[in-house]
Amino acid sequence: MTKLEVVAYNKAWPRMFEQLASDIMDALNGNVIEIYHVGSTSVPGLIAKPKIDIIAVTRDQPSTIEALAKIGYVYKGEYNIPFEYFFAKRDDVNVNLHLYEENHPEIELNIVFRDYLRKHEDSRAEYAALKMRLLQEEASFKKEDAMFHGYNLGKDVFIRSVLEKSGFNRVRFLKCTHHAEWDAAKKLLPEYFSDDFPFHNKDHAHFILCQGIKVIGYAHVSLKLEKNNLPTVKKITMDDSVKNANLRQQFIDLIHKWIKQQ
């Protein structure tokens, strides 16, 4: 069980972000292209976990780990978003810092979601009510064979609905983690999945390609090194509705980029 704290909006959060952003830019010494305040603390009037979420767009990601460690940021890896460098800082002000290379689709996704909530009071109220409901559910405080707690997973349908209404349609490359993503993958390739399938085996990675909120591709990668000393793409498939061959090639290229990065 984990502890979850959700509090009323704090008018000091934007000022906290400004100071944190300044510290990050100083520490990275010219490596930052853009920096944004995102997440619920960036939406005036919205209840939130008291953690400042920051996106920094950087020219060179690997060099940031040592530089940010000097000001208290701990590198946590990429979680479910390939090519993300995620850092956490737990101090007087708690921070989640997400580093992306330029033009990564998650940058636009977070800004679109933030700006939609800023403009639509009804959606802010709906999101706040959802958070309060989730806090009453025991499952929100647990991880059930998933990368994230039930609280985070429980917000997925709402987030998808906002992205759909906002017209977000970028191609996204993700690790398959949410139960809705697994369901979509199984529909793409029903004969491939079985009771002994390595869903959560550390020697395997599972990726999806999304167009906006729709899952249009699935791939299974074995991380066990083969004769060529590289992980192996075991299976890749695309939704029958995808007529653009470039999307399949883009999916393949992203998988190979990820493998090379490992």
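The values are calculated or read from the model by the stated rules, or taken from the named source; none is laboratory data. What you see is a predicted model, and the numbers here were worked out from it, not measured in a lab. Methodologically, a virtual Cβ is constructed for each residue, glycine included, from the backbone with ideal geometry; neighbour enumeration extends over all protein chains shown.
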> Checking K187 against (1) surrounded by fewer than 17 Cβ atoms within 10 Å (Cβ to Cβ); (2) within 18 Å of P82 (Cα to Cα), which single condition isn't satisfied?
Replying inline: (2)
> Before we move on, is L247 farther than 28 Å from P62 by Cβ, modelled with pLDDT of 95 or more and either in contact with a helix residue (DSSP H, G or I) (Cβ under 6 Å, 6 or more places away or on another chain) or outside the structural domain of L163 (by TED's automatic domain parsing) (or both)?
Replying inline: yes
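Residue by residue, here is whether (1) touching a residue at least 24 places away in the same chain (Cβ under 8 Å); (2) touching an Asp or Glu at 6+ places or on another chain (Cβ under 8 Å) holds:
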| residue | (1), (2) |
| --- | --- |
| Y36 | yes, no |
| P50 | yes, yes |
| P82 | yes, no |
| V112 | yes, no |
| E138 | no, no |
> Of the residues that make up the range 61-81, is at least one under 18 Å from the mean Cα position of the chain (by Cα), of a type in the set (D, E) and not in a strand (DSSP E or B)?
Replying inline: yes
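Based on this model, can you work out whether V233 counts as part of a strand (DSSP E or B), surrounded by fewer than 17 Cβ atoms within 10 Å (Cβ to Cβ) and of a type in the set (A, V, I, L, M)? Break it down into steps so the answer makes sense when it comes.
Numbers: part of a strand (DSSP E or B): yes; surrounded by fewer than 17 Cβ atoms within 10 Å (Cβ to Cβ): yes; of a type in the set (A, V, I, L, M): yes.
The answer is yes for V233.
Among the residues of the range 236-254, count how many are closer than 17 Å to F173 by Cα, part of a loop (DSSP other than H, G, I, E, B) and of a type in the set (D, E). Steps first, please.
Kept after step one, since they are closer than 17 Å to F173 by Cα, are these residues of the range 236-254: 236-239, 242, 244-254.
Narrowing the set further to residues that are part of a loop (DSSP other than H, G, I, E, B) leaves 239, 242, 244.
Checking the rest, the ones that are also of a type in the set (D, E) come to 239.
Counting residues in the range 236-254 that are closer than 17 Å to F173 by Cα, part of a loop (DSSP other than H, G, I, E, B) and of a type in the set (D, E) gives 1.
Within the range 104-126, can one find any residue that is modelled with pLDDT under 95, assigned to a helix (DSSP H, G or I) and farther than 27 Å from R172 by Cα?
Of the range 104-126, the ones modelled with pLDDT under 95 are none.
No, that holds for no residue.
Among residues belonging to the range 34-50 that are over 20 Å from the mean Cα position of the chain (by Cα) and on the phi < 0 side of the Ramachandran plot, point out the one that is surrounded by the fewest Cβ atoms within 10 Å (Cβ to Cβ). Working first, answer last.
Of the residues in the range 34-50, the ones over 20 Å from the mean Cα position of the chain (by Cα) are 44-47.
If we keep only those that are on the phi < 0 side of the Ramachandran plot as well, we get 44, 46-47.
Values: P44: 12, L46: 20, I47: 18.
Only one residue fits best here, namely P44.
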> Is the range 59-77 home to any residue that is at pLDDT below 95, within 24 Å of H178 (Cα to Cα), among the basic types (K, R) and in the same structural domain as K131 (by TED's automatic domain parsing)?
Replying inline: no
> Could you count how many residues in the range 11-60 are in a helix (DSSP H, G or I) and either polar (S, T, N, Q) or closer than 30 Å to E121 by Cα (or both)?
Replying inline: 13
>> If I filter the range 190-214 down to residues being aliphatic (A, V, I, L, M) and assigned to a strand (DSSP E or B), which single residue comes out as farthest from T177 (Cα to Cα)?
In response: L209
> What number of residues within the range 215-250 satisfy the criterion of being over 21 Å from E191 (Cα atoms) and within 20 Å of the chain's Cα centre (by Cα)?
Replying inline: 1
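Just the residues that are crowded, with 16+ Cβ neighbours inside 10 Å and of a type outside the set (K, R), please, taken from the range 51-74. Don't jump to the end; show me each part of the working.
Residues of the range 51-74 that are crowded, with 16+ Cβ neighbours inside 10 Å, as a first pass: 51-58, 61, 64, 68, 73.
Within the range 51-74, I52, D53, I54, I55, A56, V57, T58, Q61, T64, L68, Y73 qualify.
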